[in-house]
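Here's the structure, in structure tokens; my notes come after.
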Amino acid sequence: MKIAMWSGPRNISTAMMRSWGNRPDCFVCDEPLYAHYLQVTGLPHPGAKETLATQESDWRKVVAWLTGPIPENKQIFYQKQMAHHLLPKIETAWLNQVENCFLIREPAEMITSLIEFIPQPTLSDTGLPQQWQIFEQVRRLRSAVPPILDAKDVLLNPRTMLVQLCDILGIKFYEEMLQWPAGPRETDGAWSKYWYAKVEHTTEFGKYQPKNDPVPEHLQNLLAECDSIYQRLYAHRLK
């Protein structure tokens, strides 16, 4: 089974990758379309040079890998995907060859975390419009609602949410998904030293703590746009 987990930035996506990576039957990959995204957009993200130097940037080759044999003879291929990396010119028929899931986070908490790395984010930077587009495409392809996890729900009760997700996917839940060794992984992207400092010290999903930092005034319109899309996705989340 191949699982594409479509997230936006600052959505506990790396902790979720750690969770799946601790399963004995699972191989994980970290943002496989990132180099292509950086190559096309030219954005000066932290770690951009290292990413372009170490990761395949031809999206066709990346997709062939994502839909091909599962590495290391594992049974599950978990793909941590950033929705905004799926640029408009990338063909999307391959989405029907993977199980598509979604990870969302309340926009005010996401934005106030994101601006620590990208001070002037755009709507596209949040991944929310792309998540909605992918969600709608997958729903049409499968004539079914794909699973959506909200970060807060996962942090409040990780076992319940992961058991639900595994049940929907028709796979076994492993208790190992709830705890993992601290430290980096060989499968982490080249950008990890810029983005993963906190995650590398974790051994489990952290306890949910409300993030009460105010969204700056000049980003209030962005917050409103994000919240409109988030609420549409949130309505379909696993509970």
* Asked: When the Karplus curve 6.51 cos²θ - 1.76 cosθ + 1.60 is applied with θ = phi - 60°, which whole-Hz ³J(HN,Hα) does each residue of region 13-28 get, with x for Gly and Pro?
  -> 5, 6, 4, 5, 5, 4, 4, 5, x, 8, 6, x, 9, 10, 10, 10
* Structure fact -> Any residue on another chain or 5+ positions along whose placed amide H is under 5 Å from the amide H of THR202 is listed here as GLY183
* Hey, got the Cα dimensions of region 2-234 along the principal axes, in Å, largest first? -> 50, 40, 38
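If you place +1 on the Cβ of every Lys and Arg and -1 on the Cβ of every Asp and Glu, how big does the dipole about the Cα centre of the chain come out, in debye to the nearest 20? Don't skip to the end; give the middle numbers.
On the way: 25 positive and 27 negative charges, 94 e Å.
My answer is approximately 460 debye.
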* Among the lysines, select those whose C-alpha is under 20 Å from the C-alpha of LYS74, and discard any that sit fewer than 8 residues away in the same chain. => LYS2, LYS172
* Asked: What are the ³J(HN,Hα) values, in whole Hz, obtained from phi via the Karplus relation 6.51 cos²θ - 1.76 cosθ + 1.60 with θ = phi - 60°, for each residue of region 194-207 in sequence order, with x given for Gly and Pro?
  -> 9, 10, 10, 4, 6, 5, 5, 8, 7, 10, 6, 5, x, 6
* **Extension reserve of the ASN96-VAL145 stretch, reckoned as 0.36 nm per residue once the Cα distance is removed** => 16.3 nm
* Helix-derived mean residue ellipticity, 222 nm - over the chain, DSSP H n ≥ 4, -39500 (n - 2.57), to 500 -> -11000 deg cm²/dmol
* Going toward the positive end of the dipole of the chain, with +1 on Lys and Arg Cβ and -1 on Asp and Glu Cβ, which of SER7, VAL199, GLN97 do you reach last? -> GLN97
* Got a sec to turn the phi values of region 209-222 into Karplus ³J(HN,Hα) couplings, 6.51 cos²θ - 1.76 cosθ + 1.60 with θ = phi - 60°, whole Hz, x for Gly and Pro? -> 10, x, 9, 9, 4, x, 6, x, 4, 6, 10, 5, 5, 4
* To do: Run down the lysines and flag those whose C-alpha is under 19 Å from the C-alpha of LYS152, throwing out any fewer than 8 positions away in its chain.
  => LYS80, LYS198, LYS207, LYS211, LYS239
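None of the figures in this text is laboratory data; all of them are computed from the coordinates on show. Predicted, not measured: the structure shown is a model, and the values here were computed from it. Cβ sites come from the backbone with ideal geometry, for glycine too, and all protein chains shown count toward neighbours.
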